[in-house]
Structure formats: structure tokens, C-alpha cells
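Below is one structure, written out as C-alpha cells, with a few remarks after it.
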Amino acid sequence: MKKLLIFCLLVPAIFFAGEVSGQTVRKGKYAQRPDRKSDFLKTQWWLGFYGGGNMAMAVPGQRYSGIQALNYDNSINEKNYEGYSLPGGQAGINITFYHRGFSFTLAPHYRVEKFTYSNTYEWYSDENELNSIQLTYEQSHALQYVELPFLIRYDILAGQFRPFLQAGVYYRHLLNASKTVTTEGVDMASGTSGPFENEPVTTGATDLFVSGATGIIGGAGCTYDIWNVRFVLDVSYRHGLGNIANAENRYSANPLTGIGDAMDDISLNSISVNIGCVFPLRFISKDLKAID
Amino acid sequence: MIRFTFLFSLLAGTMIWTGCDFSENEADPTSSFTRIYDDNRFEASYEPLDIVQTPDGGFLIAGSRKTDLSDFPGLYLVKTDAAGNFVQEIDYSASLVHPLDEILRINNNYYLIAMDPVSLQAVLVSLDPSGEAGSITPMGGIIYPLGAGQDGNNIILQSFNLDDKQTVMSVHGVNGQPSLVKTFSIGPGSDYVTPILEHFTETGKKLPFKAGKLPGGLYYFNGFYNYTFSLVFTNLQEDEPQGVTQGQHDDGGISAIQPIQGQNFALASFNYGNNFIMPRKTLNTGGISSTVDLVENPFPELVQDAPIELKVIQGQAPRIVYGSHTRNGQIVLYSFSESEGTLTGTRYLGYSNKSELAGFTSTEDGGMAVLGKTYISGRFGRMILYKLTAEETNDLLN
């Protein structure tokens, strides 16, 4: 973790260091170039910050359950995943190198993604078919990550308003995870419907997930320039690659195995919406704005 | 562009340096799991008794079920694969009742003692490792079996003679026939008949009846003798026992016993609801003593008069492992050094729904399988199986 934080600090430092040295080296070149504005429009460094919200969906692979059915079909015990139902969020910094319509972006950030699933179990009376109990465990998960995405963006149009397409990859490191279980049901054992709901229980779940995860990103957005500030709005889809459930700790680190819970193999996909702004790192002056 | 390439290479190198975790995310499904064996019938209730690992790596689970067919719980067996997945069941509840809580392994075969629901005679049930139904052998007319133990290829059985109000100790071969039988009076009157019968029908306190033999020495039984729930040592030759460790009527006594060496034992006792664990204790096997004098190491976290399982498991050195369940509804395992009697580890299992211990066994991969009962939704009694990894077991034992 400490290494990752150092890394997050180091990356912008590398960029800035490169920028400072670049300006120093190129002073002579620009002295020979009368058209600084034209050169500026071709190549630029941007730094800014952004934030937004996301909705995630867990996609199950291999299924697991702590419940083994003795007299009914095990498939009834499979979890039901509810996609894009809980809001998450993200915030971070944006470091972009722009060159002739293409932008190369590193956007290290902190993000929270949430997903939920539920299990429903039913018990029936042999003696009185009206007697039954239905029990539903709804389990929501909140995963906190530090994520390092690398994106390549292409501006479809040039000018003050610039729509763009982007694609990239990410690596994320799990900081913390929690799991909240809500138990609710309908007790008809007394011959009438008696709904009940227990208090939610929240437990730590960091060990239930792998610490590192990767994925790919695709999206679109637009920028709008006002003075030296470029405002950015984008929507992106993240597709998780690989299983984020920790196979080794599926049972041993899960305090909720006592209610039959066991994490499936899952990949996590999400849709994010971000707004932010970036500032040019070169040639900020009264005479030359970022974009005309 | 050269600068960008340089920076990107630097970034890739830094990512490796920062230790991006792309480690393998796979696990052996047999090394660790939790399984709750559920029945969707509202009235169904299961009482787990004991577990053994079979040669195929799977598990054979003995339990009992309450049915309308008898006042006594019926024998019920479950066979699982090595990952704890349900393979098949054998429901003997219509024909065999009151199974004892000990699966015996004799010559690589498994046996369990149960009772005929009509004649009340003890029968030896052969358990097929594959989960198929085995043979049922009468045990020489012995009735009301209470506790079983093993001496090599022989089966030691404690039972109850209701007519004569006697505790009966007998030694049987796997053919069921008794080679030794000795009776001991529980005392005139019917004061202690009721708790014994309630033990059979599971309508009262479940008493820790045991039977066994000291290595190369006396036989012992933990049961009623002379008005008291006592640990009795006998050579099964003389009418009077050689030694007696008396309890307190049926309110106190030994709850678990494991001979270690000579007159040293690992013991647990109960006394009016309190529980005491004594991993290394010297008992007078040739005279009369009382469990009141043995009291030490109270374990107030355990339920009242806690049922306790006790086994020797090999860690870095032999360990005495006690298993029971706590007042807050968890299974607990305590490991003690056999030579020193010092605590080497504790492990709790279960959360949310209440869990109670039934039995445990070490597994061929160095782990442990822990069998218990849980109450789904706080009401449906079901069997639960925890498989601990070798690493977790090592943490407990060492």
C-alpha cells in the first residue's frame, strides 16, 4: 500500500519533472520558432482534477454456496445479482499529454464501487401447506480502491467544444471492503402472513476480495474550454478482467458462512460519469490562452 | 514523442516496482469450506453426532432425525465428497433409533451403534464408506445402548437395564456377540431412571455417557453408578469397581475423558451448570474420589453443562483438543499441549446463526473437519460442516 501511494505521488512528479526539463531544453527551439501559438495547439500537457459517480454490476462466473440441499435442487440457492443498483463514487487527478488530436491520460483516483446480491430460501410444512417461511438475505458490498487508469482519447472535433472517444486499461488496488446483510422474510407459520426484517449487520470483507484487479475502459465525453480552463464531462464503462473474489478466503475469512454465504467468482463492471477540469501546463499567459 | 515513450516505460517499471498484485487466485475446493445441509421441510430437524473422513477424501456424517414414527430420534447418515458436497443420504429413522455419538473404525470399516425401536436392543450398524447401506448386526440382546468405545478390534458398550436398574458394561466383537458382560447397580428406586429415559427421548438433559479402556488396563464407563453420575473403573471381572470418581447426582460429573498415560487423563467436568477443563490430571483409578476435588480452569463462556468432545490430534507434538459451544452461539476448539497441559490455541466457528459442536476429526491434508448443528433463521436445526485448512489447523494446534 505504501508503495502504491508513493507511486501515485511519483507519477505526477515524473510528468512535471519531464515538463520542466522539456521547457528548459526547448527554450532555444522556440526562440527559433516564431509561431509559438501553432506549436501550442499541437502539443500540450494538462493537469486537473475530477470526480463523479458510478454504478457497478457483479457478473458471476463459477457459483458457490454454503448451503447444500438435501431434498431440493441446489440451483434454487443461487444468488440473484442486482446490477447497477447502488451508487458509488470516485475522485482523483488527471494528467494528460495532448498531441495532434490524441490525448494520453493517467487519472489516479480513489473510487468506491458497490454491488448487491440476494438469496431467498423457503421452508414448507408437510403437514399444513399454508405454513411456510420465506427468508431473504440481501447482501450489499462496498469496495474501496485506488485505481490507476491509462486512457487514450481521440478528439473528434477541434475547437472550444470537443467531443471525444476514449479507451484504456486500469489497475486497481483494494483498500477496504465491507459487507452489509439485511435479513427479511415472511413468516406464515402461524397461518397468516407475518413479514419481518432484522437489523442490518455490517462486517469487514477486505479478505474476501483480491487486492489487485485489472480491466479495460471504453467511453466518450466532451470538453469545453473557457479561458485557460478545460472542463471535461465523460461517461465510461469499465469491464473487469478476472475474478475479484479471493478464492482462498472464500470460506475461511467469511464470517457469514454461518448463514450459508460464499462468494461466487465474480468480475466487476461499472459505468462511471465524471466531471472535472484541467489546466494547461505550458504558455499560460495573457497573450496566449489554452485554446483560441 | 521520445519523452512520452520514456515516461511510459518508466510508468510500466514503476507499476511493477509498486507490486501490482496479479498473483494466482485459485484454491483447492477441498481445503476449506463450510456446508449447511438444508432440508426445506418445515418440521425437519437434524442432530449431527459424529464425522469421519473416508478413503476417497469425502466424509461420512452420522446424525439423527426426530420423526413421528418413534419417541426416539432415528439414525440418519450423509455421505459427502471431499469438498463437502452432498452425495447421498441413508435415512434409517424408521428402523433404527438412538444412534450413539461415536463412529468406530475397526479394520478400515466403520461402525455405529444404534437401537431397534421395537425390541430396544442394541445393534451394530456397518457404515459403508461410499455411503451405501451396510449390515445391521444385533448385539447379543443388550438393550438401551448409552455409550461406546473401542479396544482394538473390540467394541466396548455401556447400556442400561431398565428392569433391574443397572448399568451394563459389555465387550463385543464386530459379529455383535458379547465376550464380557458386567452389571453395576444405579441404586434402588427410580430417581435416576427418569434422566436416563429422557436422555434417550431427548426430552431432558443430554448426559455424557462414555465407555472405554485404559491402554492395557482397566475398562471405564461414565454413567450412573450407586445414585451418582460417576466415572467408574472396572476390570469387568469383579462385581465391585476398582475405582470411582463420583459426580453430583446427575448435576455434576465428568463430561469428557481421554486417557493419556498411566493415571494421567485429559478431562472435562460439569458441576451445576459450570464447566471445567483439565487437560492433564491424575485420577485415582483404584479408589474413590470426587469430581468436586478435580475442579480447576472454569470455562464460563461455555453453555451450561456443556457437551464436550475431546480428542488427541497430532500437531508439532500431540495436542489435546477440546470442542464445545459457547453461550453466544459459536463452536469453540481449544488445543492444549499433551505433555504440559498448556493452552496452545483457540478457534471459534460460526457467526450470525447459532452453532453447536457435534464432533471433529483431523483430515488427511493436515486440516480438520468440524461437524456441528446450526439453526437457520434461528429455528431450523441443520447439520453444518466446517473444513479448516492445514494452515488454520496448525494455527490452532501450535
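Per-residue mean of other chain beta-carbon atoms within 10 angstrom of the beta-carbon, peptide A:63-69?
Per-residue shielding by partner chains comes out at 6.
Need one number: nm distance between label points at B:ASP191 and B:VAL292, each 7 Å from Cα along Cα→Cβ, rounded to one decimal.
1.4 nm
Using a Förster distance of 41 Å, how high is the FRET efficiency between A:THR203 and B:GLU132, based on the Cβ-Cβ distance and rounded to 0.05?
Efficiency, from the Cβ-Cβ distance: 0.50.
Under the definition of Cα pairs under 8 Å and six or more residues apart, what whole-number percent is the relative contact order of chain B?
Taking the mean separation of contacting Cα pairs over the length of chain B, I get 12 percent.
What FRET efficiency, computed as 1/(1 + (r/R0)^6) with R0 = 35 Å and r the Cβ-Cβ distance, is obtained for B:ASP163 and B:GLN261, rounded to the nearest 0.05?
FRET efficiency, B:ASP163 to B:GLN261: 0.35.
Once you place label points 7 Å from the Cα toward the Cβ at B:SER179 and A:PHE196, how far apart are they in nm?
5.5 nm
Holding the Cα-Cα limit at 20 Å, pick out from B:LYS66/B:LYS205; B:LYS66/B:LYS213; B:LYS66/B:LYS387 the pairs that are longer than that.
B:LYS66/B:LYS213; B:LYS66/B:LYS387
Just to check I understand the Karplus step: with θ = phi - 60° and J = 6.51 cos²θ - 1.76 cosθ + 1.60, what whole-Hz values come out for the range A:263-275, glycine and proline as x?
So the Karplus estimates, Gly and Pro as x, are 5, 6, 5, 9, 10, 10, 10, 7, 10, 10, 10, 10, 10 Hz.
If you take the square roots of the eigenvalues of the alpha-carbon gyration tensor of chain B and sort them as a ≥ b ≥ c, do you get rounded (a/c under 1.5), prolate (a/b over b/c) or oblate?
In terms of gyration-tensor shape, prolate.
Taking chain B as a Gaussian network, Cα atoms linked when under 10 Å apart, which of B:ASN153, B:ASN107, B:ASN161 shows the biggest mean-square fluctuation?
Result for chain B, Cα springs under 10 Å: B:ASN107 fluctuates most.
Among rounded, prolate and oblate, which fits the range B:46-143 when a ≥ b ≥ c are the square roots of the eigenvalues of its C-alpha gyration tensor, a/c under 1.5 means rounded, and a/b larger than b/c means prolate?
oblate
Sorting A:LYS79, A:LYS42 on the 10 Å Cβ count, fewest up front, what's the list?
Lowest to highest Cβ neighbour count: A:LYS42, A:LYS79.
As a footprinting exposure proxy, order B:SER159, B:SER45 by other Cβ within 10 Å, with the fewest listed first.
Listed from fewest to most nearby Cβ atoms, that is B:SER45, B:SER159.
Spin-label point model (7 Å from Cα, Cβ direction): what's the A:LEU241 to A:ALA158 distance in nm?
Simple spin-label model gives 3.3 nm for this pair.
What does the charge dipole of the protein assembly as shown about its Cα centre add up to, to the nearest 20 debye, if the Cβ of each Lys and Arg holds +1 and the Cβ of each Asp and Glu holds -1?
For this selection, approximately 4700 debye.
According to the square roots a ≥ b ≥ c of the eigenvalues of the Cα gyration tensor, what is the shape class of the range B:246-289, taking rounded for a/c under 1.5, prolate for a/b larger than b/c otherwise, and oblate for the remainder?
It is oblate, given that a/c is not under 1.5 and a/b is not larger than b/c.
Where a Cα-Cα gap under 14 Å defines reach, which aspartates and glutamates qualify for B:LYS281, not counting those fewer than 8 residues away within the same chain?
Counting by Cα, and skipping residues close in sequence, B:LYS281 has these aspartates and glutamates nearby: B:ASP293, B:GLU296, B:GLU338, B:GLU340.
About its Cα centre, how strong a charge dipole does chain B have in debye, to the nearest 20, once Lys and Arg get +1 and Asp and Glu get -1 at the Cβ?
My answer is approximately 500 debye.
Of B:ILE320, B:MET139, B:LEU218, which is farthest along the charge dipole of chain B in the positive direction, counting Lys and Arg as +1 and Asp and Glu as -1 at C-beta?
Comparing the listed Cα positions along the dipole, B:ILE320 ranks first.
Rounded to the nearest 0.05, what FRET efficiency do A:VAL169 and B:ASN226 have when you use their Cβ-Cβ distance and R0 = 60 Å?
0.15
Which of the GluC sites (Glu not before Pro) found in the range B:131-226 are in a DSSP loop and have at most 16 neighbouring Cβ atoms, other than their own, within 10 Å?
Passing sites in the range B:131-226 are B:GLU132, B:GLU202.
Please give the contour-minus-distance gain from B:GLU240 to B:GLN304: 0.36 nm per residue of separation, less the Cα-Cα distance, rounded to one decimal in nm.
That pair, B:GLU240 and B:GLN304, stretches by 19.8 nm at full extension.
Select from A:ASN77, A:VAL169, A:MET57 the residue farthest towards the positive end of the dipole of the range A:43-198; place +1 on Cβ of Lys and Arg, -1 on Cβ of Asp and Glu, and compute about the Cα centre.
Among A:ASN77, A:VAL169, A:MET57, the one farthest towards the positive end of the dipole of the range A:43-198 is A:VAL169.
Throughout, read-outs are computed from the coordinates displayed, never taken from laboratory work. As the structure is a prediction and not an experimental result, all values here were calculated from the model. Every residue, glycine among them, receives a Cβ derived from its backbone with ideal geometry; neighbour counts consider all protein chains shown.
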